[in-house]
Protein chains: 2
Amino acid sequence: MKKTYKAAVIGSGSGGLTMAIGLAGFGHDIALIEAGKVGGDCTNVGCVPSKALLHAAAAGLDAPFDYVRAKRDELNEREDEEMVEHEQIDLIRGYGRLTTQSDPHVVEVTAQDGSVTEIVAEHVIISAGSRAVEFPIDGLDPARLLTNETLFELTEVPATIVLIGGGAISLEMATAFRDLGSNVEIVELQERLMGNDDPVVATTIRAALEARGVRVHTGTSIERFDGTTAHLANGVTIADVDKVLMAVGRRSRHQDLGLEAAGVETYERGIVADSWGKTNVDKIWAVGDVTGNTLTTHGANSIARRCIRAIALPLPTVGEPRVQANAVYSRPEIASVGITIEELDALPQSGRRRYVKQLADVDRGYTEDFEHGVVVVDAERFSGKILRAAIVAPAAGEMIGIFTMAIDHGIGLRKMFGQVHPYPSYSQAIGQIADEFATETYRSLPKEWWAMVRGRVMKRFVRS
Amino acid sequence: MKKTYKAAVIGSGSGGLTMAIGLAGFGHDIALIEAGKVGGDCTNVGCVPSKALLHAAAAGLDAPFDYVRAKRDELNEREDEEMVEHEQIDLIRGYGRLTTQSDPHVVEVTAQDGSVTEIVAEHVIISAGSRAVEFPIDGLDPARLLTNETLFELTEVPATIVLIGGGAISLEMATAFRDLGSNVEIVELQERLMGNDDPVVATTIRAALEARGVRVHTGTSIERFDGTTAHLANGVTIADVDKVLMAVGRRSRHQDLGLEAAGVETYERGIVADSWGKTNVDKIWAVGDVTGNTLTTHGANSIARRCIRAIALPLPTVGEPRVQANAVYSRPEIASVGITIEELDALPQSGRRRYVKQLADVDRGYTEDFEHGVVVVDAERFSGKILRAAIVAPAAGEMIGIFTMAIDHGIGLRKMFGQVHPYPSYSQAIGQIADEFATETYRSLPKEWWAMVRGRVMKRFVRS
């Protein structure tokens, strides 16, 4: 009789690895199905090689792409080996596809040689991830086109690289390729970079990148290529383009997974799943990019942990997930946490307060001549509860943790008032924002009291 | 009749400026007495020039010392101008000294030309700061000796600089001068660097500095100089020494302030004052370095804010001060918060748990080949309450804020478990520590559950 696994996990990225290892930790037998490389996008074509390239470029390493591939391959090999050797996990190489709605579920795996295996499992977890959105560009030589899947195969630094899109991947690669010496041109259809983030963030990171020589074209697109010349819709031309990176967004890999046969509900961004990974079909779960709920490694990991708990422990599935910050490892970094900018805009102005603190106006910004950085906090008008925080700063990805903790534990600006931040840290901007909130809201104290809370250098700039 | 000020503030550093501006904000007339430069050590010979030098050195600026002096002077001039122009504040240049215990208090100010003025004030705030401890070294040419007061007058990069002491100033200057190309030798009498910090921190920062070519001599001292050769007590010699920076600690400037006449109690580290700045004499207050309670700019600012409240507002002086982190802006940075290492060592081992997470073992450390960094957390055994946290990391001064907030609001590792840190940030080490605490303490869950919480790369290193 055929073996019935506790779970079949389709995809071995951040979500899938967490699921497989977590469930296996309970002694369950797991089938981990992977059509590509173990580790998924993060290890192979995402976070790991991109952060390695950022480091190699900033550090001026001699062979930056070799460094990137060495880091990527070493991690992939170890993760692969770990899965192969794991006693509770069977790594099955091939393309997984649901067949029927039967319980236990049957997953059909097609190997590269075309052979088909049937996997029977009590639970199926779909963590198939996402891929770069691509569209054709008239006249563009396909040899010049890159996505995140081919980018890290480069062996030479392109003299000129065009980045299509103005989101996380584009801004990180703009940083890296500028450090490597490329001419970098960003072309973004929307009117601003980081379209999902705060307009203040967009303005700030644009200024930072432009100050380093990155050229940014917003509100336009590439109409066509004429040889190596890109013609933009706004009339601008970019000559001698070596490479074009398509980084306009991610599309869930939920096609051709047999979801219809299994009756799993989908929407335009992927599989419909809740914050425990539950789909509409019993014992079929979905976590990570494939759900469109999160597009980050830490997001997939966080939801996978909840999904493991839901499957393996006899605990009720109640409680909201922890808030998940986003981070972009451009220079300066960008990070944000809380409700989306759309959700924020939908709230009445009268119910909230906005604080924008330029980092050039805190003392560390002064000593370091740091021009383009900012902390933006939107808070409830009376309670000071943090609705959203966004940071552009050298270590924004580390600084954001204070706001993540504040939101997780209901600590608003009122309670943050008085927190002592080391001098001279960029985080002092956070303290100054809490000071401003207190100034505006502690009605019982005389206004004059608050003269003392301004920063030393801030005042300087205000006066000059 | 002579004018009676609401307060006479002796010293215009971080504590004094905060006091003067804060009390003036209430409409009070303030006499601000300064024998040196407005802004005190921080602006003129401390934080500001040292951070400017760190930046100039790391950025490879052409004339690093010119940059430092320009930053320092610009800030000093603006702070000076601000005090001169302030309607409620009279800036009185000279050396202030208490005379009698009378109320209102009388402060005698001796100007540089020897003229003496008497200032009468209801309150006196002593914020006279501290100075570098100095001791003679046999055979050392005085022209080669530097302290923080003369260091930033350098015009050329010394080929070889010896830093006496292994604390904050020494480690920051080791970082800067190494970047500038100097041979840097640290000589520290204690057996380790950062004697007041965690031994793990000491080992980590030492390794980081040594990897960059800084030579560290601990458990020894300079016995004598023979020309430009330093002879250490352990037999080591350092040849061709250009400059020697004395950075062995700070001594409170509480001598010759007329404290005896006024009956103000002192101890070996300065004026005895509580966390509101209260001394034993009514309406005589002391804040900042001069009390020995804090030796940081943010510490003086924090206590000064409490002191302003105590003087200006009819509120009871109850409540503990917020916890104050320390930060050292070496590369990597060092930061710590919570009880001291001595207080920690005095607690029974059975009541606490210690977590040490090497940053080479988190994914960002892997992608950046970051070798020498660590997060150390000591927590109460059962509650997970943070007793002390110490970080050595690229942005430790920003990362420490999570722990400051955690201590301020009683958030222990149990509550920190589940916080989602951006991937791949160094702060993920904090999440992994919370995971470990949860693994050890959630007895109701099967051990196996916790297999899932280990980091991806961490496991790799554990296995290899």
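The values are calculated or read from the model by the stated rules, or taken from the named source; none is laboratory data. In this text the structure is predicted, and so the values were computed from the model without any measurement. FYI the Cβ positions are ideal-geometry reconstructions off the backbone, even for glycines, and counts take in every protein chain you see.
Table for the structure above
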quantity	calculated
In region A:114-164, the residues that are of a type in the set (Val, Ile, Thr), more than 28 Å from A:Ile303 (Cα to Cα) and touching a residue at least 40 places away in the same chain (Cβ under 8 Å)	A:Ile137, A:Thr155, A:Val157, A:Thr160, A:Ile161, A:Val162, A:Ile164
Some residue of region B:82-99 being free of Cβ contacts under 8 Å to residues at least 40 places away in the same chain and away from every other protein chain (no Cβ under 14 Å)	no
Verdict on A:Lys6 being within 12 Å of chain B (Cβ to nearest Cβ) and buried (at least 19 other Cβ atoms within 10 Å of the Cβ)	no
Residue among B:Leu54, B:Leu32, B:Leu61 that alone is in a strand (DSSP E or B) and hydrophobic (A, V, I, L, M, F, W, C)	B:Leu32
Members of region B:10-32 found to be on the phi > 0 side of the Ramachandran plot and more than 11 Å from every other protein chain (Cβ to nearest Cβ), listed by number	B:Gly11
Out of A:Lys415, A:Lys459, A:Lys385, A:Lys447, sole residue that is surrounded by fewer than 20 Cβ atoms within 10 Å (Cβ to Cβ), at the interface with chain B (Cβ under 9 Å from one of its Cβ atoms) and modelled with pLDDT of 90 or more	A:Lys415
Index of the failed condition, B:Val45 passing every other in (1) within 12 Å of chain A (Cβ to nearest Cβ); (2) within 19 Å of B:Thr175 (Cα to Cα)	(1)
Matching residues in region B:300-323 - criterion: being free of Cβ contacts under 8 Å to residues at least 60 places away in the same chain and either closer than 25 Å to B:Ile411 by Cα or not charged (D, E, K, R) (or both)	B:Ser302, B:Arg306, B:Ala310, B:Leu313, B:Pro314, B:Leu315, B:Pro316, B:Thr317, B:Val318, B:Gly319, B:Glu320, B:Pro321
Which listed residue is over 30 Å from A:Thr43 (Cα atoms) and crowded, with 22+ Cβ neighbours inside 10 Å, from B:Gly288, B:Gly292, B:Gly351, B:Gly258	B:Gly288
Any hit, region B:153-162, residues being within 18 Å of B:Ser50 (Cβ to Cβ) and part of a helix (DSSP H, G or I)	yes
So B:Phe135, is it crowded, with 16+ Cβ neighbours inside 10 Å and among the aromatic types (Phe, Trp, Tyr)	no
Residue match in region B:133-147 (condition: in contact with a helix residue (DSSP H, G or I) (Cβ under 8 Å, 6 or more places away or on another chain), part of a loop (DSSP other than H, G, I, E, B) and not basic (Lys, Arg))	no
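Every residue, every condition in (1) aliphatic (A, V, I, L, M); (2) within 18 Å of the chain's Cα centre (by Cα); (3) in a loop (DSSP other than H, G, I, E, B), yes or no:
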| site | (1), (2), (3) |
| --- | --- |
| B:Ser170 | no, yes, no |
| B:Phe177 | no, no, no |
| B:Glu185 | no, no, no |
| B:Glu191 | no, no, yes |
| B:Gly195 | no, yes, yes |
| B:Thr204 | no, no, no |
| B:Leu209 | yes, no, no |
| B:Gly213 | no, no, yes |
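Conditions tested, residue by residue: (1) among the hydrophobic types (A, V, I, L, M, F, W, C); (2) surrounded by fewer than 21 Cβ atoms within 10 Å (Cβ to Cβ); (3) farther than 25 Å from A:Glu122 by Cβ.
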residue: A:Gly11; (1), (2), (3): no, no, no
residue: A:Phe26; (1), (2), (3): yes, yes, no
residue: A:Pro49; (1), (2), (3): no, no, yes
residue: A:Leu54; (1), (2), (3): yes, no, yes
residue: A:Glu82; (1), (2), (3): no, yes, no
residue: A:Leu91; (1), (2), (3): yes, yes, no
residue: A:Tyr95; (1), (2), (3): no, yes, no
residue: A:Leu98; (1), (2), (3): yes, no, no
